[in-house]
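One structure below.
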Amino acid sequence: GGHMARDGQVPWPPSLMAEYTAKGYWRGVTLGSLVGEWADRYGPRTALVDGDRRIAYTELAALVDTVAVNLVDLGLRDGDAMLVQLQNCWEFVVTTLAAIRVGVVPVMALPTYRERELTHLAAHVEAAAIVVPAVWRRFDYQDMALRLTDSLPHLRHVLVVGDPVSSRAIGLHGLLSAEGDAQTRGKLLDDLAPRATDVALMLMSGGTTGLPKMIARTHNDYEYNARRSGEVSGLGPETVYLTALPVGHNFPLGSPGVLGTLMVGGRVVLLPSPEPRAAFAAIERERVTVTSAVPAVVQRWLEYYEPGRHDLSSLELIQVGGARLAPEVALRVTPRLGCRLQQVFGMAEGLINYTGLDDPSDVVAETQGRPMCPDDEIRIVDDDGADVPEGLPGELLTRGPYTPRGYFRGGVHNAQSFTPDGWYRTGDVVRLHPSGNLVVEGRKKDLINRAGEKVSAQELEDVLYGLPWVARAAVVGVPDDEVGERVCVCVVTSSGTEPGLAEVRAEFADRGFALYKFPERIEFFDELPLTDIGKPDKKRLRVLLAERQKA
Ligand code: J2J
């Protein structure tokens, strides 16, 4: 292997690496080596629950080591990348940790991704393997993965949870046993262990460009990410954490999520959907104490909940983030569901803000929290990059011990998204609240936040401009009670024909787009409002759309 996943990563300046280590943020341990430590410490306690399958810490460590050895046997090596596209299930946790254990870099591909996103990801990281469910929610992932191997020469292995239908696919369950004894295996794996400064995993950016950018997170920084998140969320050995959001997201994976819970010996309950009936049943059955949700999910839970019919008494804390939570909704959480609320304003690029567990309820309702690390640096700046007077809104810039200095193989995007001295431009417009917390007021970046899923306007516009009937196109988010924002396409047609929404959606389906990116509204214009420099004026466009909605 050529340590592929290492070239193209932007490291922190050496002096800061030393400082982060000296301050104890970076412990110099790899995430893979932790699994054995957890087993030593928490042994027979339950680590994972997935339906009827319960896995103790000792069994988890054994499974991880076994799969790790088998990945090495397949020829996967330190620095190879592996796309992980699994729904929330125990196999996700085992496979991801097994890869990490031997320096194979798992790339967090979400179940909603289709050919387009996967092809881009696999090509960008030169993925050597992909892990998928055979079929999930009536979609044939195995077939899609096998088709990918035709066009991607680096992609050598398709691992399948379920029955492999081709000799070119390998059943993951076949990798759950290995020759020899556990001790020899452990020794072999320790020898293969990567370094703590290496890339441990890759997350997807909620990107604003044509195709998503990738964030390479090191063992050092991601271990801190999960550990510190666990501290500020008050996790402990009695924590039972429910993950109902897609676990490949930074939020349920490491903020503190699955990793943060396992670190303290808690129990992780995996559920493949936040649908309230199943989620409430899981909370009741497993006596869940903590869970995380996006605002759209919390709203559904608030509506669905019936005291007396549902027992959520075990629930102590709901963490809400990913998109703006309306203060009115926030204020309903504790009275109605009987648990505390913690707002989380995080990003796969790094920085995570949490409201404090002892913040007053109005602060928890109105703010999105403060940086979790004393050495997170933040600036709030105007369009010229100058700091705004305290309390006024501006763009949030950040640096810190778990915020990498660039995208993985970011190329020209790094110069746009990071300042020359390494600040990440979040694209979020925030202001400092008198409590010291941040309030997210809006954003400068051109994306649609649909129930926490980020959709790049440019990615969709690029496609629209390729259609013969489109003269001009602009994609904007329109406010929506259910999912926060929906994707709206605004077009000026060239031919006078006005195709319907269904035709436009079919176009995106043909091109292999993930479903959540499909336009949900289309509006035709004789001309688009333009800014001074001739770009579509999206602010004005949103006003026009609101007026049409009312009319
Ligand atoms: C408003 N906007 C928010 C919030 C994120 C924890 C929680 C969320 C994410 C996440 C994450 C917001 N209010 N509370 O990675 O570890 C918007 C901002 C931000 C972008 C990042 C985590 N919480 N956002 O959502 O990488 O615009 O991470 O810059 O998917 O989501 O998106 P993403």
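All of the numbers you see were taken from the coordinates with simple rules; none came from a lab. These numbers come from a predicted model, not from an experiment. Here the Cβ positions follow ideal geometry from the backbone for every residue, glycine too, while neighbour counts run over all protein chains shown.
Okay, here's what the table says:
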quantity: Amide hydrogen neighbours beyond the local backbone of residue 218, cut-off 5 Å, H modeled; calculated: 200
quantity: Test item: Cα-centred dipole of the stretch 102-142, Lys/Arg +1 and Asp/Glu -1 on Cβ, debye; calculated: 200
quantity: Sequence-separation-based contact order of the stretch 1-114, relative, with Cα cut under 8 Å and 6+ spacing, percent; calculated: 28
quantity: 3J(HN,Hα) from dihedral phi, the stretch 369-375, Karplus parametrisation 6.51/-1.76/1.60, rounded to Hz, x for glycine, proline; calculated: x, 10, x, 7, 10, x, 9
quantity: The chain: relative contact order as a whole-number percent, Cα under 8 Å and 6+ apart; calculated: 12
quantity: Inter-centroid distance (Cα atoms) of the stretch 128-193 relative to the stretch 326-372, Å; calculated: 39
quantity: Protection proxy ranking, peptides 531-538, 421-428, average beta carbon neighbours within 10 Å, highest first; calculated: 421-428, 531-538
quantity: Sequence-separation-based contact order of the stretch 205-268, relative, with Cα cut under 8 Å and 6+ spacing, percent; calculated: 34
quantity: Ordering of 191-202, 290-301 by burial proxy (mean other Cβ atoms within 10 Å per residue, highest first); calculated: 290-301, 191-202
quantity: Where N is the number of residues in the stretch 400-504, Cα Rg divided by 2.2 N^0.38 Å; calculated: 1.38
quantity: Beta bridges per DSSP with both ends in the stretch 110-230, % antiparallel, nearest 5; calculated: 45
quantity: Debye-sum result for the chain in log10 I(q)/I(0), which assumes one identical scatterer on each alpha carbon, at q = 0.09, 0.10 Å⁻¹; calculated: -0.66, -0.83
